[in-house]
Structures are given as structure tokens and as C-alpha cells.
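As C-alpha cells, the structure follows; a few thoughts come after it.
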Amino acid sequence: MSTHARTVSVVGGGVIGLAIAWRAARDGWSVRLYDPSIGSGASWVAGGMLAPLSEGWPGEETALTVGAASLERWPTFGEELGEFGPSVFTADSSLTVALDAADAQDLQTIAEWVTAQGHELEVLGRARIRELEPMLGRGIRSGLMAVGESAVDNRLLLDALQKACAESGVELIARAVNDLAELDTDQIVLTAGIASPKLWPGLPVRPVKGEILRLRSRPGVTPAPSRTIRGSVHGRPAYLVPRGDGIVVGATQYESGEDTQVTMAGVRDLINDAETLMPAIGEYELYECAAGLRPMTPDNLPLIGRVSDRVVVSTGHGRNGVLLTPVTADATVALLNGTSLVEVKGTEPERFAVVKENS
């Protein structure tokens, strides 16, 4: 790659695309970002949990390594974004709770495995949980505390990233790209979520629908938890993420093509599961039900790598787009500059039969 190749087109304007554009511009690249609806899509509907440790599982070393590397970058990344708006952080730790013996055993398994990988998790008993978060349901048996697993407000994040891009000289172009061949920059970064395979056929990215509820606080309601609360209710993963004005409740998961309609069944399950975790949550105002399409890969790891001399892909982040934003931005800018980031080893597109070409 020529040392003078300093123009780049970023195709896709969710959190990942915006972060890459901002970091590349800061690194001296001349950047254009294309998206017909910048700052929308899956990023707009996200819960904003940064929880790679408490979601760890034996055998998923790459996911833990990549997630932990990104979590480590978040404090600095968030602080730098603080120049462009209010703090994006809404919690500084997470608590995963177990409602039955099988879940309690799972938490123990996670704690032992993740601790053996060099990270800190603490198993808590019922009394300590009640002390920390008295509004949680009485059926909770045990919990797993991860200090440092923060949460962010995804919409404040999108606002801050758009301002950061604009102030760093990124040209934000609100239109769709239908063919990468129409772009004339030296380099192209494809970060278009579920639309990525349309622009680079063969990328194994599929849409997985997720519904969330946004609840607003009202005068006199039971206070929201001070940290992210996660649990499994009737085998369904559920979470409550604090926000400045209330709580985000998530999230369903359906393989349903490109359907973004919110269903009655989805809302019913989310409300039931949220009430199991926090019985008083019914006091809150239900002010938004939304669905987004997460770009998932077959092994639930993102695709970060070069697919041609000119094209780098950064897509397929599934339900971890917000978490993986800082490490993906760093890894992608490294690829543009002709180097690589060891922390994202294992996310290269060539682990699948992805068509590579010279262009």
C-alpha cells in the first residue's frame, strides 16, 4: 500500500463506523462516511452494556480477549468523547443474578473460568445482593459482580461520535452506497452491519432481531438499580440497564429476516422477565418499544480484517457493537496504516470462506 494512500471512505454510520471515521481522521486520514441514516439502525436500539467478563464462558477465549481489550479502552475512549457532549456512562459495574440452582452453578463456572484468565469477578450471596440492590426480587439466590463492567447511553454515544467526526473534519454523507466500485478513495472500510454482505458478497453476516423497552422514571417510583442487572428468566436472557432518566429493558432474540416490528409476545416476555428481576418496575412509564437488527456471524465474533488491497471490513459485531467500538476502531485504523492489533486476533474474515480479491 502506498504511503500516500490517505483518503478513506467509511461505509456505515453506526457506532462502529462513526468511531472508525473519527479515529482515522484524528490519525491524519481524509475521511468520508456514507450512510443514508447516520446514527440509526442497531446502534440506536442498543442496551449499551459493556459486559465481556460476566458473559465469558469456557472455550470462548477469543470473545473474552477481544471484549476485555475493548472494555479496558472504554474509560479513555469515553473521556475523550466527553469533549463533545455529556458523559456517556450510566453505570460502573454489572451484577448477574441467578434465580435457580442451575443458573447459580453457571455463575460459579463463569467466575472460576474468567478469574483463571486473569480477570476479577466476585460471587455474592443473597444478603449482599439485597444490601447492594434492595429493589431486586426476593427469588434471587446468588450473583456475580464485575466491577468496571460499565454501561453507556447509546444515544448520547451516537451524538458524541457524530460531533467528534464533524469537528475532526470527517465528511458525513447521508446517502447509501450501492456498490463499493463507485467510491474513489484510496481505502474503503465496510462497516454496514446487516447490509455488509450486499456490498461484499460472501460475508457471513445475518440479521438477528432484538426488541428492547425504554422505561422512564416517575416521581416516587422505586429507584432504578445503580448497576447493570442481568439474569436468565425461564431460559431467556434479560437485562436492566440504568439510564439518566430511567431503565432500558432487553432483549429478545429472533431469527426473523429483516423484520423490525415489535411484537406483543416480545413485549410481554420482556415485561414479565423485568418484573421477576425487579418487582417494582411496573411503576415506571413505558415510553418506547423498539426493535433492531443485530449483524451476527456464525461464531458470534466480529469480522475485522482486510479482504482486498483496498477494502477492510469491520462488521458482524452482533450484540456487542457498543462494547467492541473502541478496540474495533483501533484495530481498523491499524489495518489502514498497514499494521495489525494483536488483541483482535481470531476475528479475521478468512476464518470463513470469504471471497478475497485484489482491487
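For the stretch 110-255, the fraction of alpha-carbon pairs lying more than 21 Å apart is 65 percent, rounded to a whole number. Residues in the chain average 42 Å² of solvent-accessible surface per residue, probe 1.4 Å, ligands and nucleic acids excluded. Compared with the direct C-alpha span, the chain from ALA166 to THR263 gains 31.2 nm at full extension, assuming 0.36 nm per residue.
Measure nothing but the geometry: give the 0 to 90° angle between the long axis through the Cα atoms of 264-277 and the longest principal axis through the Cα atoms of the chain, rounded to 10°. Result, in degrees: 60. The tail of the calculated P(r) for the stretch 42-81 beyond 16 Å holds 46 percent of all Cα-Cα pairs. Quantify, in whole percent, the carbon and sulfur part of the accessible surface of the chain (1.4 Å probe; protein heavy atoms only). C and S atoms contribute 51 percent here.
Taking the Cα centre of the chain as origin and assigning +1 to Lys and Arg Cβ atoms and -1 to Asp and Glu Cβ atoms, the resulting dipole is close to 360 debye. Size descriptor for the stretch 226-328, Kirkwood hydrodynamic radius: 15.8 Å (Cα pairs only, one decimal). Computed extension length for ARG141-ALA290: 50.5 nm, one decimal, from 0.36 nm per residue of separation with the Cα-Cα distance subtracted.
Each principal axis of the Cα cloud of the stretch 1-87 was taken in turn, and the coordinate range along them, longest first, works out to 44, 33, 25 Å. Reported to the nearest whole Å, the Cα centre-to-centre distance from the stretch 161-221 to the stretch 101-135 is 35.
Between the helical axis of 15-26 and the longest alpha-carbon principal axis of the chain there is an angle of about 50 degrees. Modelled this way, with points 7 Å down the Cα-to-C-beta line, the labels at THR109 and ALA127 are 2.9 nm from one another. Short-range pairs are left out: with C-alpha atoms under 8 Å and at least six residues apart, the relative contact order of the stretch 32-101 is 21 percent. Across ALA151, ALA195, ALA181, mean-square fluctuation computed from a Gaussian network of the chain (C-alpha pairs under 10 Å connected) peaks at ALA181. Counting trypsin sites (Lys or Arg not before Pro) as exposed when in a DSSP loop with at most 13 other beta carbons within 10 Å, what is the longest stretch of the chain free of them? After excluding every exposed loop site, the longest remaining stretch is 176-344. Ranking PHE84, PHE89, PHE77 from most to least accessible surface, computed with a 1.4 Å probe over the protein chains only, gives PHE89, PHE84, PHE77.
Along the axis of the charge dipole computed for the chain (Cβ charges of +1 for Lys and Arg, -1 for Asp and Glu, origin at the Cα centre), the listed residues ILE271, ALA160, ALA69 are led at the positive end by ILE271. Rounded to the nearest 10 degrees, the inclination of helix 101-116 to the longest alpha-carbon principal axis of the chain is 50 degrees.
Work from the charge dipole of the stretch 31-183 (Cβ charges, +1 for Lys and Arg, -1 for Asp and Glu, about the Cα centre) and give the residue of ALA98, ILE173, VAL31 farthest towards its positive end. Of the listed residues, the answer is ALA98. If both residues of a DSSP beta bridge must be in the chain, then about 70% of such bridges are antiparallel.
Of the chymotrypsin sites (Phe, Trp or Tyr not before Pro) in the stretch 269-359, the ones in a loop by DSSP (not H, G, I, E or B) with at most 16 other beta carbons within 10 Å are PHE352.
Here the sum of -39500 (n - 2.57) over DSSP H runs of 4 or more residues, divided by the residues of the chain, equals -9000 deg cm²/dmol at 222 nm, to the nearest 500. Given +1 at the Cβ of Lys and Arg, -1 at the Cβ of Asp and Glu and no other charges, the dipole of the stretch 215-279 around its Cα centre is 380 debye to the nearest 20. In a reduced charge model with +1 at each Lys and Arg Cβ and -1 at each Asp and Glu Cβ, the stretch 204-359 shows a dipole moment near 180 debye about its Cα centre. The list (i) 35, 21, 19; (ii) 39, 22, 20; (iii) 32, 25, 20 gives values of semi-axes √(5λ) of the Cα gyration tensor in Å, and only one came from this structure; which label was calculated from it? So the structure-derived entry is (i). Computed over every Cα-Cα pair of the stretch 87-138 and binned at 10 Å starting from 0, the pair-distance distribution P(r) comes out as 21, 47, 28, 4 percent. Report Rg/Rh for the stretch 102-180, rounded to two decimals, where Rg is the Cα radius of gyration and Rh the Kirkwood radius. Expressed as Rg/Rh, it is 1.25.
Sequence-distant contacts, meaning Cα pairs under 8 Å at least 6 residues apart, place the relative contact order of the chain at 24 percent.
Compute the length gained on full extension between ALA101 and THR339: take 0.36 nm times their separation in residues and subtract their Cα-Cα distance, giving the result in nm to one decimal.
Separation in residues times 0.36 nm, less the Cα-Cα distance, equals 81.0 nm.
The values are calculated or read from the model by the stated rules, or taken from the named source; none is laboratory data. All values reported here derive from a predicted model rather than from experimental measurement. Reconstructed Cβ throughout: ideal geometry from the backbone, glycine too, with neighbour counts over all protein chains shown. Accessible surface is based on the protein model in full, side chains and every heavy atom, while ligands, DNA and RNA are left aside. Shrake-Rupley method; radii C 1.70, N 1.55, O 1.52, S 1.80 Å.
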